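**Q** Below is one structure. I have some questions about it.
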Ligand code: WTA
């Protein structure tokens, strides 16, 4: 999409294709792999859609089996496993008790190496989820269908809270712990939550962070917007010792660890949910200022993350799996909580930053706990690679499989991951997907497909990607041209809708390439992901990055409009434009161009307040690397801000023709300012 506003054009994404270079999985991996049927893609070819997905449903335990695998009668509101009934917490916990009661479901590893880690067996998880579900139901009044907002750090209580909601049939909405109180408020308001679950504080980079203060901001701002929060339920990071300076508000704030004594031994009958009842909302950034509540189903979603955890992550019951993502993002939902637990796996929840207190901490943990599947992001890999004193050779661990997710990985970084961290013995899967898609879309099947650095691979079995140009023509494999990657067919993990905004759902994902809005045939409704991509002649997709107003910072999605509107709240600011600047560590980071109201004098103090506005509205991950205060922003004659030009200046690229601008002279001024 060559949108003049977005900063990415088709010509820019038509990068040179490096010569093909393949790596093969070792024979020892192939021998033991879950999925090694060479006919799998034949079985899952598009002519067999949707029946092949029945196999995914079979991986779950149903209270009532489905009547119909797929109902496409009301596009694009697809329904999966229609007529089926199940409960997600039963699938993730209860069904493992008979044979695996004593097995670790989670290891919680505190950031401070001197603090004891916790092992949470499936039995422990069962007890704790039931007790907390009883508390939610009997103390907080949570019922089936209610939305519950959870704003927590990376601790075991977070999946416990999620699974307790799932047991009751309540819809959880987890807000990334690093987000601000305001960002939490926005999500409480949109989801109309009456309950907020939080924690007093947690550790990061060796520092104690007060988290409860964010709950106060969130609840107050939600109240101002007319959304009343009845109860704030606070877990203590150190049970028995409330450790925040922020006082408790009488009648509203309650310490979970105190209340739980009333629920010792409580068991909650799991709600038998329809397959298409929502399991959770996850807010994500799009091209408007307002994050959208991506709604995922119970049966379709759970079957999809279970199947992909089995086939692509190759999780076996005896494996120890560590995904370093945060549970507050979709990767954590799908591939720390729901997928691995549904398979009865043992996995790690690590509290803090992976480089604390030293760069080799990840390998130390891997050695200590016997991790053999390692899941992380290009940003984390680049960080490890740049660390001075990194020394994985010193540690005794063996990874059979490693994952990269969240951003494109440079072939160089890929090779370093393979040789140095993976010791030439681990298979790598580069998994491309999104909050909306529930689970993986493109990846190699680890035992069947060769790896190619920098390419995610073909569609995973059952997913049929295609690249369209702006006119909707298919771009052929090997043409060297970039375009919009779409998926031809629906799949069980796909989002059901955007919470309270079905029109935005249809418009965003199906508006551009729907062949006929009256059609009842799923073939006319390809899903548009919003990423640019190229397809090589070997059928592998290379993802180039977002084509919309979204920046990917260290694998985290930020809407440029969200950042801009935070800044525009300052009276001194006239206009603001956020662009994605290249960064060696994080892939891209935001840079901000701002023009001021007449008679306002630029100052360091003002620049600082601009940065603070973003951090307090959104969170530290959105902190701009640089604020450029400029006399005016480059605009088209119709008044659109030309972010593409600003991005070229920041990234030291060719600016191109500016003669059609309303104010071409300002480009030179900005250029000089930035280069000086
Ligand atoms: C990007 C995260 C290249 C992409 C799971 C997508 C990737 C956005 C990859 C979704 C990958 C994710 N290679 N780019 N392997 N995985 N992306 O919703 O731009 O937080 O649209 O989901 O991340 O980010 P989200």
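The values are calculated or read from the model by the stated rules, or taken from the named source; none is laboratory data. All values reported here derive from a predicted model rather than from experimental measurement. Positions of Cβ are generated from backbone atoms using ideal geometry, with glycine treated the same way; all protein chains shown enter the neighbour counts.
**Q** If you go through the stretch 37-58, how many residues are assigned to a loop (DSSP other than H, G, I, E, B) and buried (at least 17 other Cβ atoms within 10 Å of the Cβ)?
**A** Summing the residues that are assigned to a loop (DSSP other than H, G, I, E, B) and buried (at least 17 other Cβ atoms within 10 Å of the Cβ) in the stretch 37-58 gives 3.
**Q** Count, please, the residues in the stretch 205-250 that happen to be under 20 Å from residue 158 (Cβ atoms), surrounded by fewer than 18 Cβ atoms within 10 Å (Cβ to Cβ) and touching a residue at least 60 places away in the same chain (Cβ under 8 Å).
**A** The qualifying residues number 1.
**Q** Might you let me know whether the stretch 537-554 holds any residue that is under 21 Å from the mean Cα position of the chain (by Cα), in a loop (DSSP other than H, G, I, E, B) and free of Cβ contacts under 8 Å to residues at least 60 places away in the same chain?
**A** Checking the stretch 537-554: not a single residue is under 21 Å from the mean Cα position of the chain (by Cα), in a loop (DSSP other than H, G, I, E, B) and free of Cβ contacts under 8 Å to residues at least 60 places away in the same chain.
**Q** While we're on this one: State all residues of the stretch 593-623 that are over 20 Å from residue 650 (Cα atoms), in contact (Cβ under 8 Å) with a residue 12 or more places away in the chain and under 30 Å from the mean Cα position of the chain (by Cα); if no residue qualifies, say none.
**A** 609, 613, 615, 616, 617, 618, 619, 620
**Q** Answer yes or no: is there a residue in the stretch 359-369 that is more than 23 Å from residue 314 (Cβ to Cβ), free of Cβ contacts under 8 Å to residues at least 60 places away in the same chain and under 24 Å from the mean Cα position of the chain (by Cα).
**A** Checking the stretch 359-369: not a single residue is more than 23 Å from residue 314 (Cβ to Cβ), free of Cβ contacts under 8 Å to residues at least 60 places away in the same chain and under 24 Å from the mean Cα position of the chain (by Cα).
**Q** Let me ask something else. Which one is nearest to the ligand (Cβ to nearest atom), of the residues in the stretch 309-329 that are outside any loop (DSSP other than H, G, I, E, B) and farther than 21 Å from residue 445 by Cβ?
**A** 322
**Q** Against the conditions (1) more than 30 Å from residue 475 (Cβ to Cβ); (2) within 16 Å of the ligand (Cβ to nearest atom); (3) in contact with a strand residue (DSSP E or B) (Cβ under 6 Å, 6 or more places away or on another chain), where does residue 572 fall short? Just the number, please.
**A** Only one criterion is unmet by residue 572, namely (2).
**Q** Which number in (1) under 16 Å from the mean Cα position of the chain (by Cα); (2) part of a helix (DSSP H, G or I); (3) modelled with pLDDT of 95 or more; (4) within 18 Å of residue 402 (Cα to Cα) marks the one condition that residue 301 misses?
**A** (4)
**Q** Filtering the stretch 456-467 down to residues that are more than 9 Å from the ligand (Cβ to nearest atom) and assigned to a loop (DSSP other than H, G, I, E, B), which residue is surrounded by the fewest Cβ atoms within 10 Å (Cβ to Cβ)?
**A** Restricting to residues being more than 9 Å from the ligand (Cβ to nearest atom) and assigned to a loop (DSSP other than H, G, I, E, B), the top hit is 464.
**Q** Specify which of the listed residues (583, 518) is under 21 Å from the mean Cα position of the chain (by Cα), away from the ligand (no atom under 11 Å from the Cβ) and surrounded by fewer than 21 Cβ atoms within 10 Å (Cβ to Cβ).
**A** Only one candidate qualifies: 583.
**Q** If only one of 450, 512 is more than 13 Å from the ligand (Cβ to nearest atom), at pLDDT 95 or above and closer than 23 Å to residue 75 by Cα, which one is it?
**A** The unique qualifying residue is 512.
**Q** Of the residues 507, 523, only one is more than 16 Å from the ligand (Cβ to nearest atom), outside any loop (DSSP other than H, G, I, E, B) and free of Cβ contacts under 8 Å to residues at least 12 places away in the same chain; which?
**A** Step by step, each of 507, 523 is checked, and only 507 is more than 16 Å from the ligand (Cβ to nearest atom), outside any loop (DSSP other than H, G, I, E, B) and free of Cβ contacts under 8 Å to residues at least 12 places away in the same chain.
**Q** When you look at residue 624, is it in contact with a strand residue (DSSP E or B) (Cβ under 8 Å, 6 or more places away or on another chain) and loosely packed, with under 14 Cβ neighbours inside 10 Å, yes or no?
**A** no
**Q** Please verify whether residue 645 is more than 30 Å from residue 323 (Cα to Cα), surrounded by 18 or more Cβ atoms within 10 Å (Cβ to Cβ) and at pLDDT below 95, treating the condition exactly as stated.
**A** When the stated conditions are applied, residue 645 passes them.
**Q** Considering only residues that are within 17 Å of residue 588 (Cα to Cα), out of contact with any strand residue (DSSP E or B) (no Cβ under 6 Å at 6 or more places or on another chain) and free of Cβ contacts under 8 Å to residues at least 40 places away in the same chain, which ones fall in the stretch 397-411?
**A** none
**Q** Collect the residues in the stretch 299-327 that are without any contact (Cβ under 8 Å) to a residue 24 or more places away in the chain and in contact with a helix residue (DSSP H, G or I) (Cβ under 7 Å, 6 or more places away or on another chain), keeping them in residue-number order.
**A** Within the stretch 299-327, no residue meets the criteria.
**Q** While we're on this one: Here are 107, 122, 126: which of them is without any contact (Cβ under 8 Å) to a residue 40 or more places away in the chain and within 22 Å of residue 320 (Cβ to Cβ)?
**A** The conditions single out 126.
**Q** Let me ask another. Among the numbered criteria (1) over 17 Å from residue 55 (Cβ atoms); (2) away from the ligand (no atom under 16 Å from the Cβ), which single criterion is violated by residue 299?
**A** (1)
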